[in-house]
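All remarks here apply to the structure that follows.
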Amino acid sequence: MINGKDSSIVIGGIGSYAPQKILSNQELAKIVDTSDEWIRSRTGIRERRIAQNGETCSDIGTRAAQAAMEHAGMKPEDIDLLIVATMTPDMPFPSTACIIQTKLGLRNIPCFDVGAACSGFLYTLEIGCQMLKSGDYRNVLIVGAEKLSSIMDWRDRTTCVLFGDGAGAVVLTAVDRPGVGILGTSLAANGAEGKILNMPGGGSNEPATTESVLERRHYLKMMGKEVFKIAVRVMEQSALDLLVRHNITPEDVDCVIPHQANMRILELMSTRMGLPLEKFPINLDRYGNTSAASIPLALNEAHQDGKIKSGDYVLLIAFGAGLTWASSLIKWH
Ligand code: UT7
């Protein structure tokens, strides 16, 4: 039997998708009081993708999922479980996973969303791995998809310049090859700090009212400086602890894919972890922060660019609202 707690879980297929429309820093500077120079020097972002009118989070996620299934050589009937990480679902319910299930033509398999914001992809990765190890599933499709443009306050220059739309997906499969695939994942959260990055309106605590809309409560709010400091510290700690647990030194790591939020965060992590920046494939200059889509988008591009080879140790590190954070160590098969 392949499935079971002793099997290895590998990424059997990977894909990503980003909407065609590009919004450059120069164009943003016509909307809010900002400049290309400020955005580039403070974040490293040059442009981001924005969904077209009518293009939903599930549409974007479906495109990435189709690419991952094609790469894995799988048909809809091969998928046994679908998990979607998103903080911009098409609607509160049904889940975006159920909507993507229909668009992909999957069987009546279990489908659900995970709400762990920018750490969502690694949370789904861990859930997918553990469910595969139960032996009850063969192939698990996980998707990180976001339409963050829908929750941006286009009058708030401190947030709207940072985020973009996109999606990435992988097919996880159990194989009988010890020592390869996802070696381990570490997940953590600290809800006590949740207020520094949230969207206060629209949930059951603050249902939409005329006042809530006028007070712009249905947009992402972030205390950037506080988030920055915590992000650097916990991402570094999470990743280093995971490496120690697996007897791997930072020098052994061939490729690091952290959540793509800010170039200065990546530079600090590179210095503090003793890992050269050349080992960090970076695409935030072209996409901005795409939350749950950020890691699979960057992972797919790094894989396509030949930056990840068989036998490489790949380290994924995430941080996001919750606060949540996570890291995952993969030995590429
Ligand atoms: O995905 C979840 C994780 N999120 C993150 O990791 C984000 C973490 N935070 C950050 O990346 C950074 O804190 C930001 C990019 C959000 C902000 O950079 P900062 O260096 O911390 O800038 P700041 O907030 O301290 O603002 C510096 C100045 C302020 O002006 P004063 O008070 O010094 O006069 C801001 O008003 O820059 C101003 N400012 C801007 N100016 C031009 C803020 N946003 C802009 C803007 N354009 N877009």
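Structure notes:
- Verdict on GLY194 being part of a loop (DSSP other than H, G, I, E, B) and in contact (Cβ under 8 Å) with a residue 60 or more places away in the chain: no
- Residues considered: VAL161, VAL175. Of these, the only one that is surrounded by 21 or more Cβ atoms within 10 Å (Cβ to Cβ) and closer than 28 Å to TYR17 by Cβ is VAL161.
- Residues in the stretch 296-333 that are in contact with a Leu (Cβ under 6 Å, 6 or more places away or on another chain) and within 13 Å of the ligand (Cβ to nearest atom): ALA318, ALA321, ALA326.
- Scan of the stretch 267-295 for residues that are within 15 Å of the chain's Cα centre (by Cα) and free of Cβ contacts under 8 Å to residues at least 24 places away in the same chain, ordered by number: ASN283
- You will find that of GLY184, GLY201, GLY194, GLY224, the residue that is closer than 30 Å to HIS71 by Cα and open to solvent by less than 50 Å² (accessible area, probe 1.4 Å) is GLY184 and no other.
- Among the residues of the stretch 154-190, the ones that are among the acidic types (Asp, Glu) and in contact with a Leu (Cβ under 7 Å, 6 or more places away or on another chain) come to 1 in all.
- Of the candidates GLY105, GLY120, GLY128, GLY179, the single residue that is within 15 Å of the ligand (Cβ to nearest atom) and either touching a helix residue (DSSP H, G or I) at 6+ places or on another chain (Cβ under 9 Å) or closer than 22 Å to GLY4 by Cα (or both) is GLY120.
- Within the stretch 204-221, the residues that satisfy the criterion of being buried (at least 16 other Cβ atoms within 10 Å of the Cβ) and in contact (Cβ under 8 Å) with a residue 24 or more places away in the chain are HIS218, TYR219, LEU220, LYS221.
- Taking each residue of the stretch 23-40 that is free of Cβ contacts under 8 Å to residues at least 12 places away in the same chain and of a type outside the set (A, V, I, L, M, F, W, C) and looking for partners that are within 11 Å of the ligand (Cβ to nearest atom) and open to solvent by 30 Å² or more (accessible area, probe 1.4 Å) with beta-carbon atoms closer than 6 Å, six or more apart or interchain, yields GLN26/ASP36; SER35/ALA29.
- In the set (1) within 18 Å of the chain's Cα centre (by Cα); (2) not assigned by TED's automatic domain parsing to the domain that holds ILE31, LEU242 fails one condition alone, (1).
- Strands (runs of 3 or more DSSP E) within the stretch 15-89 that include 2 or more residues open to solvent by less than 40 Å² (accessible area, probe 1.4 Å): 22-24, 81-85
The values are calculated or read from the model by the stated rules, or taken from the named source; none is laboratory data. Remember, predicted model here, so these are calculated numbers, not experimental data. Positions of Cβ are backbone-derived with ideal geometry, glycine not excepted, and every protein chain shown enters the neighbour counts. Remember, those area values only see protein heavy atoms, side chains included, never the ligands or the DNA or RNA. Shrake-Rupley method; radii C 1.70, N 1.55, O 1.52, S 1.80 Å.
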